[in-house]
1. Is the shape of the range 358-419 rounded, prolate or oblate, going by the alpha carbon gyration tensor and its root eigenvalues a ≥ b ≥ c, with a/c under 1.5 for rounded and a/b larger than b/c for prolate?
2. Quick check of the Kirkwood formula: for the chain, what is the inverse mean of 1/r over all pairs of different Cα atoms, in Å?
3. Under 13 Å from a point placed 7 Å out from the Cα of residue 259 along the Cα-to-Cβ direction: which residues of the range 273-297 have their backbone N that close?
4. Mind giving me the nanometre distance, one decimal, between the label points for residue 146 and residue 29, set 7 Å out from Cα along Cα→Cβ?
5. Enter the Cα centre distance for the pair the range 262-337 and the range 41-117, rounded to the nearest angstrom.
6. Given the whole protein assembly as supplied and a 1.4 Å probe, what does the accessible area of residue 292 come to in Å², nearest 10?
7. At a probe radius of 1.4 Å, what is the per-residue accessible area of residue 168, in Å² to the nearest 10?
8. Using helices alone, what [θ] at 222 nm do you get for the chain, with -39,500 (n - 2.57) per DSSP H run of 4 or more residues, divided over all residues and rounded to the nearest 500?
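The values are calculated or read from the model by the stated rules, or taken from the named source; none is laboratory data. Worth saying up front: this structure is predicted, and the values here are computed from it rather than measured. FYI the Cβ positions are ideal-geometry reconstructions off the backbone, even for glycines, and counts take in every protein chain you see. The accessibility values were calculated without ligands, DNA or RNA, using every heavy atom of the protein model including side chains. Shrake-Rupley method; radii C 1.70, N 1.55, O 1.52, S 1.80 Å.
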Amino acid sequence: MSVAVEEMRSQAEQVTDADADRYRQDFPCLQQEAHGKPLVYLDSAATSQKPRAVIDAISRFYETSYSNVHRGAHLLSERATEAYEGARSRVAQYIGAADPREIVFVRGATEAINLVAASYGRANLQAGDEILLTEMEHHSNIVPWQLIAEQTGAVIRVVPISDDGELMMDRFDELLSERTKLVGVGHVSNALGTINPVKEIVDKAHAQGAVVLVDGCQAAPRVPVDVAELGCDFYAFSGHKLYGPSGIGVLWGRHELLEAMPPYQGGGEMIQRVTFEHTTYAKVPQKFEAGTPNIAGPVGLHAAMDYVTAIGLEGILAHERDLLAYATDAIQEVPGVRLIGTAAEKAGILSFVMEGIHPHDIGTILDNQGIAVRTGHHCAQPVMDRFQVPATTRASFGLYNTRADVDAFIRGLHEVREILG
């Protein structure tokens, strides 16, 4: 276990409602009304709000240090490069990576997974090989593998989920074989909130010689992540769900795997030498960062990681679980509600349907009361198919939510029932 994660776990005091109410003051966007009502933001699984510390870090960077990175021989370029590479080291520390060179900056988790599929997949998969995914994956961990399977002749297998929204590990064991070359799994389901047994999956996959990519989008903001402890081969997540800016994400990969992979895109920055006859490429991570990057994005992500680390991820997770338990009890008093996803191990995500009422109508009525939730298929249509629903309503919690937010949400649902029957 890394020193950083040990430090986080030492700060495992649960965030209380009073703490959360105080942290909310750090988020300017939450200091407003929506439709004349106090804003209750329950959509952090889609994207989180940004604390003042992140906004200020980005503004300060643009005001004092902005320039292109790596290439300039002037003061601003040195400052920008130092901030950009400093963020890379901070990310490595945050997820327990051994080497900052294993951190590739991308636009988000979607690009990270596409990078691995296009680069590692095209170089290592062939006809008859199998890619093992799970039924609860986000589309971003399905479609890239379909694209590469079509190109290579590899076959996609899918691990089903139970009525509770848990992976059926007996079926995982049956589907995993020597033909399995890659396993793709979400750490935490965005549609159900299920926390998957990633380490067990990794150990079993490695025993068959398969590499494992973990989609950590929903885990990175709320679960202490240690890639060394998990033992996975690739880990991907987005900054905007982690209280950081949009347009910046992270791919972590084992150094030896990244070094062996061909470039994903071509252009400036990712080369050593270019002639019209031949090009040689830079070492990782620059090999995968063609062109001028999102320079301010890592600066904001660095500030976001400092912010949540200071609070403590274990405490954030415990707080979100407390809100989830409180909301799960209360919502069952609302007539006609059916929860979608009741796994034993869950993060702060509550998906449900109401008999006879479309989720979009629920979302519209709640919005008129100042309550922001997500409705739709959540980019997880196979999950909707599994539970035979076209869509769900999803409330998801962040470190700034309180039980008072849950109370407002439940009152809103009773009003939905009163209005729409």
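1. On the way: a/c = 2.45, a/b = 1.45, b/c = 1.70.
In terms of gyration-tensor shape, oblate.
2. Values: mean 1/r = 0.0449 Å⁻¹.
Its Kirkwood hydrodynamic radius stands at 22.3 Å.
3. Counting only backbone N, you get 283-285.
4. About 2.9 nm separates the two model spin labels.
5. 8 Å
6. 80 Å²
7. Accessible area, nearest 10 Å²: 60 Å².
8. Details: 15 runs with 165 residues, N = 421.
Value at 222 nm, helices only: -12000 deg cm²/dmol.
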